[in-house]
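Below is one structure, written out as structure tokens; comments come after it.
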Amino acid sequence: MTGSDGEVIVLTTVADTDQAALLSRGLVEQRLAACVTCIGSGLSFFRWKSEAVTQESEQVLLIKTRRDKLAEIEQHFETAHPYEVPEFVVLEISALSTAYGQWMHGELMQKPKGDA
């Protein structure tokens, strides 16, 4: 176990598995995330553009990345995230296994396929 070296988890939500798969695949393909875990069957309660409390099923995405990728992820969300106002919550990682940290670092340092 080692201390974090800039690794973070970005939390966001989308409406369904199709949206989760599309957003997750794009983040990993562009090397903005080493891994995205999609957790289904969440139930969110919130107010949106009205006084009434809204209830919606959502998928939770745990985006494993590095702090230096956050601006690029936020920019990616502007065009690829299906929500008008996407959730973008950054969770600090205080420690992680050495092997997992090395794997994440390696995945995020490579250039996306097709880039020179």
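Annotations for the structure displayed:
- Multiplying the residue separation of residue 38 and residue 57 by 0.36 nm and removing their Cα-Cα distance gives an extension gain of 5.5 nm.
- Taking the helices alone, the chain has a mean residue ellipticity at 222 nm of -9500 deg cm²/dmol, built from -39,500 (n - 2.57) per DSSP H run of at least 4 residues and averaged over all its residues.
- On Cα atoms only, tilt of 70-80 relative to the major axis of the chain in degrees: 50
- Largest first, the residues 67, 31 sort by 1.4 Å accessible area into 67, 31.
- Simple label model, 7 Å out from Cα along Cβ direction - residue 113 to residue 90, nm: 3.0
- Between 0 and 90 degrees, the angle of helix 17-29 with respect to the longest Cα principal axis of the chain falls at about 30 degrees.
- Shape call, the chain: gyration tensor on alpha carbons, a/c limit 1.5: prolate
- Each principal axis of the Cα atoms in region 13-64 has its own extent, and those three values, largest first, are 40, 20, 17 angstrom.
- On Cα atoms only, tilt of 98-109 relative to the major axis of the chain in degrees: 80
- Listed residues 73, 93 arranged by accessible area, highest first, probe 1.4 Å: 93, 73
- What the Cβ-Cβ distance of residue 105 and residue 83 gives, at R0 = 41 Å and to the nearest 0.05, is a FRET efficiency of 0.85.
- Working from label points 7 Å from Cα in the Cα-to-Cβ sense, the residue 75 to residue 46 distance is 2.5 nm.
- Each Lys or Arg adds one and each Asp or Glu takes one away; over the other residues whose Cβ falls under 14 Å from the Cβ of residue 16, this sums to -3.
- Taking 27, 91, 62 and ordering them by how much accessible surface each has at a 1.4 Å probe, largest first, produces 91, 62, 27.
- Charge tally for residue 59 (other residues, Cβ to Cβ under 15 Å; Lys, Arg +1; Asp, Glu -1): -4.
- The mean accessible area for residues of region 10-61, using a 1.4 Å probe and ignoring ligands and nucleic acids, is 59 Å² per residue.
- Cβ-based net charge around residue 105, under 10 Å, with every Lys or Arg adding one and every Asp or Glu removing one: -2
- In this simple spin-label model, placing a label point 7 Å from the Cα along the Cα-to-Cβ direction at both residue 1 and residue 22 gives a separation of 4.0 nm.
- In terms of its C-alpha gyration tensor, region 1-42 has an oblate overall shape, because the principal axis ratio a/c (a ≥ b ≥ c, square roots of the eigenvalues) is not below 1.5 and a/b does not outweigh b/c.
The values are calculated or read from the model by the stated rules, or taken from the named source; none is laboratory data. Since this is a predicted model, take the numbers as computed values, not measurements. FYI the Cβ positions are ideal-geometry reconstructions off the backbone, even for glycines, and counts take in every protein chain you see. Ligands, DNA and RNA are stripped out before the accessible areas are found, and what is left, the full protein with its side chains, is counted by its heavy atoms. Shrake-Rupley method; radii C 1.70, N 1.55, O 1.52, S 1.80 Å.
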